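Undergrad: I have a structure here, written as structure tokens, and I will follow up with some questions on it.
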Amino acid sequence: MPLALTDASIADCVTGMASPLRRELVDERETGLRLRIGPKDAVWSVSTLGPGGQRIRVSLGGWPQLDVSAARSYARALKASLRPAPVSEAAALTVGQLLDIYARRRLSQLRKAKVIERSIRAALHDVADLDPVAVTRRHIAEAVDVIADRAPIHANRTLAYLKAFFVWCLGRGYIERNPAEGIAKPTRERSRERTPSLAEVVEIWEAAGKLGYPFGPIVRLLVLTAARRDEVGAMRPEEIVADGDARVWTLPAARSKNGRAIRVPLSTLATTIFEEALTDRPDDMTFLFTTLGDRPVSGWSRAKRRLDAYINARRVKEKRGPMEPWRFHDLRRAFATQACDHLGIDPAIADRCLNHVGASTTSTVARVY
């Protein structure tokens with residue numbers, strides 16, 4: 001049975017050995033350490049697992065040359081040297097597997113999770129099977145440049161997504177350096193200044209009437225509410241509630257760009273468009289506007305081309321040039337311009353109507369209005 005060995009107890013045992021047979025003492029303080037005592041000598045050994053997982057026994061030296069304390073130290077050192085080195089999670093993971101973890105732990109908390117994940121996966125496609133420590137700055141720069149050749153602004157966004165991904169990896173010890181660090185944006189961006197005039201908004205409104213469901217009513221609601229494109233496109237019927245004789249659209253925080261809910265009072269005309277859309281949409285659908293039934297409306301680019309074609313066809317008949325290029329988001333800027341410059345509305349109030357968050361508009365009163 002194991003004993004708390006001491007040099008004194010071993011000396012007593014050796015002195016009392018009258019038989020030529022050997023005796024083995026097992027130390028209870030250091031697992032596997034044993035002292036085999038014979039008529040002529042006493043030898044330390046340790047039993048442990050070898051590199052292949054098999055149990056081995058290694059001789060350490062004789063007693064008293066190697067006292068109890070030294071034998072225990074030698075045994076611990078030997079077992080530590082034979083213990084397999086732990087395999088780190090980082091070394092066992094590829095870039096693609098790391099991205100899976102990132103998507104689950106970090107991106108799932110973001111509103112644009114799917115867009116961001118899709119952009120990162122596309123950019124890292126060629127290095128997805130590599131060890132993350134093997135990814136170089138050149139890998140990232142070349143991937144971003146390829147995107148920039150066809151979509152310059154998207155390349156800037158993708159670079160930002162990649163930097164955030166590698167910062168996350170660095171902070172958790174998966175890599176020791178950020179391969180995206182120091183890479184400049186491939187494209188210089190300028191803030192858009194296109195603001196459709198009131199006359200142009202009228203043209204857009206009239207052309208939208210030719211689009212039919214779902215994009216016709218969507219475009220007109222964009223004009224009437226100054227909401228963002230995807231906020232209207234993913235509108236649900238239950239978000240529209242009665243408020244006395246009027247109706248109010250409550251945009252939930254989960255669908256808002258800045259994560260804040262906002263109540264949008266609907267005019268009589270906007271309410272009419274909403275009610276007509278309820279009638280025109282397929283039965284028992286989740287969304288007010290849909291092209292695929294169980295998903296928000298899609299096909300924005302195609303609808304925009306049709307809308308521009310209607311506008312420019314009318315302009316050709318009137319012997320006018322084509323309308324200056326515009327985007328759906330420009331309708332929000334048109335709203336702010338008309339509200340402030342022509343209606344005299346306080347810019348802070350107009351900003352809140354657009355659901356912007358700024359230092360001058362974060363008071364309780366400003367949020368309400």
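The values are calculated or read from the model by the stated rules, or taken from the named source; none is laboratory data. Note that this is a predicted model, so its numbers are computed, not measured. Neighbour counts run over all protein chains shown; Cβ positions are idealised from the backbone, glycine included. For the accessible areas, the whole protein counts, side chains as well, though only heavy atoms, and no ligand, DNA or RNA atoms are used. Shrake-Rupley method; radii C 1.70, N 1.55, O 1.52, S 1.80 Å.
Undergrad: Output the strands (runs of 3 or more DSSP E) that fall wholly within the range 20-76 and possess 2 or more residues being farther than 15 Å from L3 by Cβ, touching a strand residue (DSSP E or B) at 6+ places or on another chain (Cβ under 6 Å) and at pLDDT 85 or above, or say none.
TA: 42-49, 55-62
Undergrad: Right, something else. Of these, A227, A208, A253, A261, which one is of a type in the set (G, A, S), in contact with a Ser or Thr (Cβ under 8 Å, 6 or more places away or on another chain) and at negative phi? Talk me through it step by step, then tell me what you get.
TA: Working: A227 fails: in contact with a Ser or Thr (Cβ under 8 Å, 6 or more places away or on another chain); A208 fails: in contact with a Ser or Thr (Cβ under 8 Å, 6 or more places away or on another chain); A253 fails: in contact with a Ser or Thr (Cβ under 8 Å, 6 or more places away or on another chain).
Among A227, A208, A253, A261, only A261 is of a type in the set (G, A, S), in contact with a Ser or Thr (Cβ under 8 Å, 6 or more places away or on another chain) and at negative phi.
Undergrad: For Y213, indicate whether it is touching a Lys or Arg at 6+ places or on another chain (Cβ under 8 Å), part of a loop (DSSP other than H, G, I, E, B) and aromatic (F, W, Y).
TA: yes
Undergrad: A further question on this structure: Out of R111, R104, which single residue is open to solvent by 90 Å² or more (accessible area, probe 1.4 Å) and in contact (Cβ under 8 Å) with a residue 60 or more places away in the chain?
TA: Exactly one residue qualifies, and that residue is R111.
Undergrad: Can you run down the residue pairs with Cβ atoms below 8 Å, 6 or more apart or on separate chains, where the first is in the range 183-206 and in contact (Cβ under 8 Å) with a residue 40 or more places away in the chain and exposed (fewer than 15 other Cβ atoms within 10 Å of the Cβ) and the partner is in a loop (DSSP other than H, G, I, E, B) and of a type in the set (K, R)?
TA: Short answer, once both residue conditions are applied: R192/R327; R194/R327.
Undergrad: If you check every pair at least six apart or on different chains, which have Cβ atoms under 7 Å apart with a residue in the range 121-139 that is of a type in the set (S, T, Y) first and a residue that is at pLDDT 90 or above second?
TA: Pairs found: T136/P179.
Undergrad: Restricting the range 114-162 to residues that are among the basic types (K, R) and modelled with pLDDT of 90 or more, which is most open to solvent (accessible area, probe 1.4 Å)?
TA: R138
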